[in-house]
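Asker: Before anything else, here's the structure in question.
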Amino acid sequence: MKFGVSTFVTDEGIGPAVLGRALEERGFASLFVAEHTHIPVKRESPWPGGAELPRVYYRTLDPFVALTAAAVVTERLEVGTGIALIVQRDPIVLAKEVASLDLVSGGRAVMGVGAGWNREEMRNHGTDPRTRMRLLNERVLAVKALWTEEEAEFHGEFVDFDPVFSYPKPVRDPHPPVLIGGSGPTTFDRVLAVGDGWMPIYGRGTEDLAGQIAELRRRAGHRVPVTVFAVPPEAEVIAELDEAGVDQILFTLKTEPEAETLRTLDSLAGLL
């Protein structure tokens, strides 16, 4: 089982290049970063994590800029989105961003995706919250077509383009893995239809994680990779997830200045 961290990279915390180097030096396998393009001032959508939206949500760096900074100072660290709000992103631009990250990192990019919870935010991008799951599926498939086909085209309900050339192509074969976030009643349908792995949040619909993983892999007919977010840094929990068949766990790294972050990483590294 691999160990990584997920975090919000902001203008008020440790820089992504310093963070990436520190993670690799301590033996971590991956860095996943969150994204929000903006936070609407008038917001009615409840945050799933509680009543008050944390400050870091307002101040995230662009994930691909942050991940590129981490990638160019490391050699082994996987760099991924956790999660990219694909329903708020143009798929042609997104395909180029992720493929470019994969190229400059030497094949270490991972694209975790989700539909998001902030309805006001997605409406500002022209996305209807009611159809965001169907939109997510189409955009993932369109991105994969752009990554893998010489003259890619896509014709769907929401995404529609005639044959195009899109470069660069990813380094990783056949393409960077697409991890589907969430743990709702239709999540496995999305994983099986468009994804390459599952990425739930620990404690949110994962009470029977071992059973869920077994069911997902039974339906797929093969070992679907599973990465779990927000894992408590406790030996008992880590052992439980290892036994359940989890492939990678991500500790939540609080957004803090460099000195405080490095002390936290030193403590977490003791669990590896």
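Asker: At 0.36 nm per residue, and after removing the present C-alpha to C-alpha distance, how many nm does the segment from Trp47 to Val65 gain when stretched out fully?
Answerer: Roughly 3.9 nm would be gained on extension.
Asker: Here's something else I'd like to know. Bin width 5 Å, alpha-carbon pairs only: give the P(r) of the stretch 185-272 as whole percents, running from 0 to the bin holding the largest distance.
Answerer: Reading upward from the zero bin: 3, 13, 24, 21, 15, 11, 8, 5, 1, 0.
Asker: Given Cα pairs under 8 Å that are at least 6 residues apart, what percent is the relative contact order of the chain?
Answerer: Worked out over the chain, it gives 22 percent.
Asker: Looking at the stretch 1-70, which trypsin sites (Lys or Arg not before Pro) are in a loop (DSSP not H, G, I, E or B) and have at most 14 other Cβ atoms within 10 Å? It would help to have the intermediate numbers written out before the result.
Answerer: Numbers: sites: Lys2, Arg21, Arg26, Lys42, Arg43, Arg55, Arg59; in loops: Arg26, Lys42, Arg43, Arg59.
The qualifying sites are Lys42, Arg43.
Asker: If the only charges are +1 at each Lys and Arg Cβ and -1 at each Asp and Glu Cβ, what is the size of the charge dipole of the chain around the Cα centre, to the nearest 20 debye? Display every interim value, and only then the final one.
Answerer: Details: 28 positive and 40 negative charges, 56 e Å.
That gives a dipole near 280 debye.
Asker: Per DSSP H run of n ≥ 4, the term is -39500 (n - 2.57); total these for the chain, divide by its residue number, and report the mean residue ellipticity at 222 nm rounded to 500 deg cm²/dmol.
Answerer: Computed mean residue ellipticity for the chain: -11000 deg cm²/dmol.
Asker: Please report the Cα spread of the chain along all three principal axes, rounded to whole Å, starting with the longest.
Answerer: Per principal axis, max minus min of the Cα coordinates gives 51, 42, 40 Å.
Asker: Have a look at Gly181, Gly80, Gly203 and tell me which one the Gaussian network model of the chain (Cα, springs below 10 Å) gives the largest fluctuation.
Answerer: Gly203
Asker: Only loop residues by DSSP count here, and only those with at most 16 other Cβ atoms within 10 Å; note down the chymotrypsin sites (Phe, Trp or Tyr not before Pro) in the stretch 98-187 that meet that.
Answerer: Sites meeting the loop and neighbour criteria: Trp117, Phe165.
Asker: Moving to a separate point now. Under 10 Å, Cα contacts only: if you run a Gaussian network model on the chain, which one of Glu215, Glu149, Glu44 comes out with the highest mean-square fluctuation?
Answerer: Maximum among the listed residues: Glu44.
Read-outs: derived from the displayed coordinates by stated rules, not from any lab. Quantities reported herein were computed from a predicted structural model and do not represent experimental measurements. Cβ coordinates were reconstructed from backbone atoms using ideal geometry, including for glycine residues, and neighbour counts include every protein chain displayed.
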